[in-house]
1. Once the Cβ-Cβ distance between Glu178 and Asp154 is put in as r, and R0 is 35 Å, what FRET efficiency do you end up with, to the nearest 0.05?
2. Among DSSP beta bridges whose residues both lie in the chain, state the antiparallel percentage, nearest 5.
3. Order the peptides 203-209, 271-277, 26-32 from the highest to the lowest mean number of other Cβ atoms within 10 Å of their residues.
4. Grab the DSSP H runs of the chain that are 4 residues or longer, score each as -39,500 (n - 2.57), total them, divide by all residues and round the 222 nm result to the nearest 500 deg cm²/dmol.
5. Note the angle between two axes, namely the Cα long axis of helix 75-90 and the longest principal axis of the Cα atoms of the chain, as a number of degrees from 0 to 90, rounded to the nearest 10.
6. For segment 205-299, list log₁₀ I(q)/I(0) at each q in 0.13, 0.18, 0.22, 0.26 Å⁻¹, using the Debye formula over Cα point scatterers of equal strength and ignoring solvent, two decimals each.
7. With charges set only on the Cβ (+1 for Lys and Arg, -1 for Asp and Glu), what does the dipole of the chain come to about its Cα centre, in debye to the nearest 20?
8. Take the Cα atoms of the chain, find their three principal axes, and give me the spread along each one in whole Å, biggest first.
Amino acid sequence: MAKKVTIYDLAQKLNISPATVSRSLNDHPAISQKTKDKVLMVAKETGYRTNKFAANLSKQKSNTIGVIVPKLNSNFMSTVLSGIEKIANDIGYNLIISQSLESEEKEKLNAKTLFDSGVDALLVSLAYETENFDHFTTYTDRKIPLLFFDRVCDLPNCPTISIDNHAAGFDATQHLIEQGCKNIVHISGNLKRNVYANRFEGYQRALYSNNIPFRKENLYESDLNIENVKDIIFRIKNSEHKVDGIFVSNDTFAVHCIKELKKEGYSIPEEIKVIGFNNDPVSEVISPNLSTIEYPGYKMGILAGESIISHLSGSINIQSADQILIKHKLIKRESTKI
């Protein structure tokens, strides 16, 4: 385990007093800028952690857990955070929540800011753009518990919590096939993220299992921004092969697809059947009601909170990190049933 760097370590390395180091780190006016710059440079090189919110300085424990999410504007993420917060608050921990806004650079900045803030653990759902995970080594090198949920990656000794997106993608597509669909479009998020790549693989497996050929033009990779709905419906309308089913990786986008298809004169589900993903409240507001896959966000949050607290309390060793899969559920509604 990497030793935690202290002010005394910095003082010894710089051959100055611990008091001077402390004042430099706190930007004290009595310390020259040259000394401050030297201290900050060595602090950065050695991975010194400024514990701004420490409740117990001797143990460097802050009773805070950092959370990085792509965006806060989804019902799914709100329910996940509610679950995490319930578990954390029940035992006296607070959350510091930040958004990456789907940017790798913002995610890096968030990870550093939370580290400098002295969080005792970090929970992350990855941004669309993230391809490099080096910004998390600050945590893993120092054995600070790190857990990924929903959008996860495979890092040593970091537990992950998600649903079996491959199986969920299969179930959604299989349902459309059982309802008579022969040419199914899949509207996916960024395939660099596990959730979307696995749902796409499940979609393909369902096609192959039913001897339906996969057509490359039937995969629409998107950022799932509703501003792009009209373009996708235009592509569906002008497809060489008549589309009779759509599997969308997000309920909000699916609902807007239904609205746009109806504007174009399509009858749902008679001409085109649509299934979404997440079971957001919006799926029951649209007419016809949207068939979907239930992704239990609150349960995910509860499990994420319990897992990270177990690591913090020492009842589970971070070395025993594992993958936790939560069960999904196919919910059949009017948008796929004739």
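The values are calculated or read from the model by the stated rules, or taken from the named source; none is laboratory data. What you see is a predicted model; the values in this text were computed from it and never measured. A quick note on method: Cβ atoms are made from the backbone with ideal geometry, for glycine too, and the neighbour counts reach across all protein chains shown. The accessibility values were calculated without ligands, DNA or RNA, using every heavy atom of the protein model including side chains. Shrake-Rupley method; radii C 1.70, N 1.55, O 1.52, S 1.80 Å.
1. Approximately 0.55, to the nearest 0.05.
2. Details: 4 of 35 bridges.
Bridges in the chain that DSSP calls antiparallel: roughly 10 percent.
3. Final packing ranking: 271-277, 203-209, 26-32.
4. Result for the chain, helices only: -12000 deg cm²/dmol.
5. 40
6. -0.45, -0.86, -1.23, -1.52
7. 840
8. Per principal axis, max minus min of the Cα coordinates gives 78, 40, 33 Å.
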